[in-house]
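*Asks:* Structure incoming, see below.
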């Protein structure tokens, strides 16, 4: 994701942070991630649950459930990339791609920048894509993600929530929600859907 468009933290309050692999934010009490039912997830994705805030909350639950499986039930694969592997869809350069599968189904995809970067802020960012049965439901851009182990509290990044109609909410790193009428909102919807379709094609399967 470009440094000119940082944006994506979970909703303020209960959805302010995602905690991976059973970790906790400072002062939090560890609790098991409770995944939404398939019916609730479908409703959130399809828009049957019409309130956007409710849809976001359900998608957050789903993402938390995936993150809880990192290092445990999910199977991880790593693919080394050429720097211009995805030049057909983005000008970003990525060094490797980590993918996470649940019984052969892709659930999470994480892109990392070249390790020999000049340590500029824009070169330390990571992108994470979350899927449900091939559907893109969530993307997270973390501006300093490459400096952290994969299991960590995610904060300060941009969160993009998707439904059947495309991007339904973009929450910036400062916790503000982008206006859906902003031209950049539609631009990011199109771009991230394009990337979500393209990136998995290069992934090493388990």
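The values are calculated or read from the model by the stated rules, or taken from the named source; none is laboratory data. Keep in mind it's a predicted model, so treat the numbers as computed, not measured. Every residue, glycine among them, receives a Cβ derived from its backbone with ideal geometry; neighbour counts consider all protein chains shown.
*Asks:* Does segment 78-96 contain any residue that is over 26 Å from residue 187 (Cα atoms) and surrounded by 15 or more Cβ atoms within 10 Å (Cβ to Cβ)?
*Replies:* yes
*Asks:* Only one of (1) at negative phi; (2) without any contact (Cβ under 8 Å) to a residue 60 or more places away in the chain is not met by residue 134, so which one is it?
*Replies:* In the conditions (1) at negative phi; (2) without any contact (Cβ under 8 Å) to a residue 60 or more places away in the chain, residue 134 misses (1) alone.
*Asks:* Taking the stated definitions as given, is residue 53 surrounded by fewer than 18 Cβ atoms within 10 Å (Cβ to Cβ), part of a strand (DSSP E or B) and under 19 Å from the mean Cα position of the chain (by Cα)? Full working, then the answer.
*Replies:* Values: surrounded by fewer than 18 Cβ atoms within 10 Å (Cβ to Cβ): yes; part of a strand (DSSP E or B): no; under 19 Å from the mean Cα position of the chain (by Cα): yes.
The answer is no for residue 53.
Conditions (1) at pLDDT below 95; (2) part of a strand (DSSP E or B), marked per residue:
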residue: 24; (1), (2): yes, no
residue: 36; (1), (2): yes, no
residue: 44; (1), (2): no, no
residue: 60; (1), (2): no, no
residue: 73; (1), (2): yes, no
residue: 83; (1), (2): yes, no
residue: 91; (1), (2): yes, no
residue: 99; (1), (2): no, yes
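*Asks:* Just to be sure I understand the filter: pairs with C-beta atoms under 8 Å, separated by 6 or more residues or on different chains, first member in segment 152-173 and on the phi > 0 side of the Ramachandran plot, second member in a loop (DSSP other than H, G, I, E, B) and buried (at least 23 other Cβ atoms within 10 Å of the Cβ). Which pairs pass?
*Replies:* Note: pairs meeting the criteria are 156/9.
*Asks:* Let me ask something else. From the list 132, 150, which one is at pLDDT 95 or above and over 24 Å from residue 179 (Cα atoms)? Reasoning before the result, please.
*Replies:* Working: 150 fails: at pLDDT 95 or above.
Unique residue meeting the criteria: 132.
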